[in-house]
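Below is one structure, written out as structure tokens; the observations come after it.
The values are calculated or read from the model by the stated rules, or taken from the named source; none is laboratory data. Owing to the predicted nature of the structure, the values given are computational and were not obtained by experimental measurement. No Cβ is skipped: glycine too gets one built from the backbone with ideal geometry, and neighbour counts run over all protein chains shown. Ligands, DNA and RNA are stripped out before the accessible areas are found, and what is left, the full protein with its side chains, is counted by its heavy atoms. Shrake-Rupley method; radii C 1.70, N 1.55, O 1.52, S 1.80 Å.
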Amino acid sequence: MSTANYGDTREVIAPADFHVHLRDGALMRLVTPHVQKGGFYLAYVMPNLVPPITTTEMAMEYQKNLRESSGSSKVEFLMTLYLSDALDPNDVKNWKAAGIVGVKSYPRGVTTNSDQGIESYDKYDQLFREMEVHGIVLNLHGEIPSDHSKNTCVLNAEERFLPVLANLANTYPKLRIVLEHATTEAAVKAVIACGDNVACTITAHHLALTIDDLAGQSFHFCKPVAKFPNDRLALQEVVKSGNKKFFLGSDSAPHPILSKSTATPTSGCAAGIYTSPILLPLVAHLLDSFGAIDRLADFTSNFGRAFYQIPAGGYSPKVVLQKVQGVSVQAEYSSEGKTVVPFWASRQIDWQIVNVEE
Ligand code: DOR
Ligand code: ZN
């Protein structure tokens, strides 16, 4: 493993972001083109709209709107459904043909638009068995809700979820399960301890932040929150090790600037960090900072595609990045009265996309 020199280049074939929030309406139209701007040609799209995406019809309509908003036919949008009682196990066999790749579970109350989320996994046994048969992936938001009587809060919510992960992985050994946006050393160990049916996404921002960066900085607030320095180190180390279970899912989650910056005691601050427009250069910069730049293509394309069994094919551009001396991140993006602020706004990134070879 090495650190790059200025002028060095790296290439990634068909970069894939296996966890992204693209919203709807004006915000969707603003942020969807940023997937390609950030260097990505596959977007695995989260279903937590209001109301949540719970039918194949809703997912197909949403996919159509995303394609139109993207302003390009080059990005592949993979769709997910929101785990809820609305999902019928008898329908699972039809999902693949409708473009549904996974089902996302949100424990109720843990994050943005999770008030329709689940309270128990037991009642989805039949659904999970059908998903196992038909090759649909289960995506887990891995936190249990805060409960102060049990001393559960945002700092241990992920660690206390891990027995649930182990139990699901054992009960459904052929169900492909992804623990989303891992933030802790404990989660890394738990995923490694599971069989090959379990993988894990890691965000760019959790490779960069600790809880100290979040304290007092609302634009660093997301769920799960960034944790301790040893946790960040464990995420960095597992990426550096080249373990194929761990790949990028940005969890890029835009919110209008006012929802992030004008919190009141009753409204709070919306959870979500927005990385889409700078994603591939940012990941290159971060990997380079801890000696893992040679893992760039595995982490941002190869490993995730292998787990999802979606090899680069069809339109598969080669994205070339170069190490340069500091490019400033744009302060904000606006359209139709919506403004979003990207992660690391006005800070410098040492990598940029210099070519896309089609
Ligand atoms: O920070 C987050 N924002 N975490 C999530 O799980 C959801 C996301 C969102 O939709 O804003
Ligand atoms: Zn998310």
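To keep it simple, each residue is scored yes or no on (1) in contact with a strand residue (DSSP E or B) (Cβ under 9 Å, 6 or more places away or on another chain); (2) away from ligand 1 (no atom under 14 Å from the Cβ); (3) of a type outside the set (S, T, N, Q); (4) open to solvent by 60 Å² or more (accessible area, probe 1.4 Å).
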residue	(1), (2), (3), (4)
129	no, yes, yes, yes
138	yes, yes, yes, no
152	no, yes, no, no
167	no, yes, no, yes
171	no, yes, no, no
176	yes, yes, yes, no
179	yes, no, yes, no
183	yes, no, no, no
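If I filter the stretch 107-121 down to residues being part of a loop (DSSP other than H, G, I, E, B) and open to solvent by less than 30 Å² (accessible area, probe 1.4 Å), which single residue comes out as farthest from ligand 1 (Cβ to nearest atom)? Let's see the steps before the verdict.
Applying the first criterion (part of a loop (DSSP other than H, G, I, E, B)) to the stretch 107-121 yields 108-117, 119-121.
Among the residues that remain, those that are also open to solvent by less than 30 Å² (accessible area, probe 1.4 Å) are: 110, 114, 117.
Numbers: 110: 7, 114: 7, 117: 10 Å.
Restricting to residues being part of a loop (DSSP other than H, G, I, E, B) and open to solvent by less than 30 Å² (accessible area, probe 1.4 Å), the top hit is 117.
As for the stretch 248-260, it holds no residue that is away from ligand 1 (no atom under 16 Å from the Cβ) and either in contact with a Cys (Cβ under 6 Å, 6 or more places away or on another chain) or open to solvent by 20 Å² or more (accessible area, probe 1.4 Å) (or both). The set of residues in the stretch 129-181 being at negative phi, in a loop (DSSP other than H, G, I, E, B) and in contact (Cβ under 8 Å) with a residue 60 or more places away in the chain consists of 142, 143, 154, 155, 157, 158, 176.
Condition first: part of a helix (DSSP H, G or I) and open to solvent by less than 10 Å² (accessible area, probe 1.4 Å). Now tell me which residues in the stretch 21-34 satisfy that. It would help to see each step written out before you state the result.
Going through the stretch 21-34, the residues part of a helix (DSSP H, G or I) turn out to be 25-31, 33-34.
The answer is 31, and nothing else.
Report yes if residue 74 is open to solvent by 10 Å² or more (accessible area, probe 1.4 Å), charged (D, E, K, R), more than 16 Å from ligand 1 (Cβ to nearest atom) and touching a residue at least 60 places away in the same chain (Cβ under 8 Å), otherwise no. When the stated conditions are applied, residue 74 passes them.
Among the candidates 62, 124, which residue alone is assigned to a helix (DSSP H, G or I) and within 16 Å of ligand 2 (Cβ to nearest atom)? Write out each step before concluding.
Details: 124 fails: within 16 Å of ligand 2 (Cβ to nearest atom).
Matching residue, one of 62, 124: 62.
Could you say whether any residue in the stretch 35-50 is without any contact (Cβ under 8 Å) to a residue 12 or more places away in the chain and closer than 30 Å to residue 353 by Cα? No, because not a single residue in the stretch 35-50 is without any contact (Cβ under 8 Å) to a residue 12 or more places away in the chain and closer than 30 Å to residue 353 by Cα. Count of the stretch 232-254 residues, restricted to those that are assigned to a helix (DSSP H, G or I), among the hydroxyl-bearing types (Ser, Thr, Tyr) and in contact with a helix residue (DSSP H, G or I) (Cβ under 6 Å, 6 or more places away or on another chain), is 0. Applying the criterion of being in contact with a helix residue (DSSP H, G or I) (Cβ under 7 Å, 6 or more places away or on another chain) and assigned to a helix (DSSP H, G or I) to the residues of the stretch 209-231, the residue that is farthest from residue 259 (Cα to Cα) is 230. Put simply, of 284, 215, 271, 208 the only residue that is open to solvent by less than 40 Å² (accessible area, probe 1.4 Å), out of contact with any Asp or Glu (no Cβ under 9 Å at 6 or more places or on another chain) and more than 18 Å from residue 185 (Cβ to Cβ) is 271.
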